[in-house]
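Contents: one structure, followed by commentary.
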Amino acid sequence: MIDGVDNYWLWLAVGLALAALELLAPGVYLIWLAAAALATGALSFLFGFGWPLEIVSFVSIALIAVYSARRYLRESPIVSSDPLLNQRGGRMVGDTALVVQPIESGSGRVKVGDSEWIARGPDTAAGERVRISGNDGAILLVEPIALIADKGDTAEGASAET
């Protein structure tokens, strides 16, 4: 007991504070510590532990909660309805872009919407349109649209010959 406050009230306050912090900065980390603090408070209320046993209890419950949640989430991952939500480059795959700085030796700049991106791909002159075929972090992988049309023409020519 600290200055007339029972230990379980302190654990309850710590648990609620950690839960509130999890709401402010979500990341599924603090909630397990909050659960451990609340469980320690409940055990302290029921059995009247002293501080040393409460701390051991908190650490033990926190480790069990964290590792159990980690194992559960590894076996049953949370599936997002929009997996590319925070991957802007990945969302642009298939879009067309305008080359604003020539792509020479495999590197240049393209304009997509109102922003410019570093691009990698075959040599392409400024002012030509390219299709975004992928991304490598913040670098867009592009290919000229003319090459895409040539591939289609080649496939059509091969089927016409047979």
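The values are calculated or read from the model by the stated rules, or taken from the named source; none is laboratory data. From a predicted model like this one, the values you see are computed outputs, not experimental measurements. Here the Cβ is made from the backbone with ideal geometry for all residues, glycine too, and neighbour counts use every protein chain on show. Surface accessibility is based on the protein's heavy atoms, side chains included, excluding ligands, DNA and RNA. Shrake-Rupley method; radii C 1.70, N 1.55, O 1.52, S 1.80 Å.
For the structure I just gave you, tell me whether Ala158 is modelled with pLDDT of 85 or more and open to solvent by 50 Å² or more (accessible area, probe 1.4 Å). Show your work before the answer.
On the way: modelled with pLDDT of 85 or more: no; open to solvent by 50 Å² or more (accessible area, probe 1.4 Å): yes.
Taking the combined requirement at face value, the residue does not satisfy it.
When the residues of the range 94-116 are narrowed to those that are over 14 Å from Arg129 (Cα atoms) and of a type outside the set (Ser, Thr, Tyr), which ends up least open to solvent (accessible area, probe 1.4 Å)? Steps first, please.
Within the range 94-116, the first condition is being over 14 Å from Arg129 (Cα atoms), and the residues that meet it are 104-107, 114-115.
Checking the rest, the ones that are also of a type outside the set (Ser, Thr, Tyr) come to 104, 106, 114.
On the way: Glu104: 120, Gly106: 22, Asp114: 139 Å².
Residue satisfying both the conditions and the ranking: Gly106.
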Of the residues in the range 117-139, those that are open to solvent by 20 Å² or more (accessible area, probe 1.4 Å) and closer than 9 Å to Ala97 by Cβ come to Trp117, Arg129, Arg131
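Give me the strands (runs of 3 or more DSSP E) completely within the range 49-140, filtered to those with at least 3 residues that are among the aliphatic types (A, V, I, L, M), ordered by residue number. Walk me through it before giving the result.
Details: elements: 96-104, 107-112, 115-120, 129-136.
Qualifying strands (runs of 3 or more DSSP E): 96-104.
Yes/no per residue for (1) in contact with a helix residue (DSSP H, G or I) (Cβ under 7 Å, 6 or more places away or on another chain); (2) closer than 16 Å to Leu141 by Cα; (3) open to solvent by 50 Å² or more (accessible area, probe 1.4 Å); (4) modelled with pLDDT under 90:
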position	(1), (2), (3), (4)
Pro26	no, no, yes, yes
Leu33	yes, no, yes, no
Ala37	yes, no, no, no
Glu54	yes, no, no, no
Ala65	yes, no, no, no
Arg71	no, no, yes, no
Ser81	no, no, yes, yes
Asn86	no, no, yes, yes
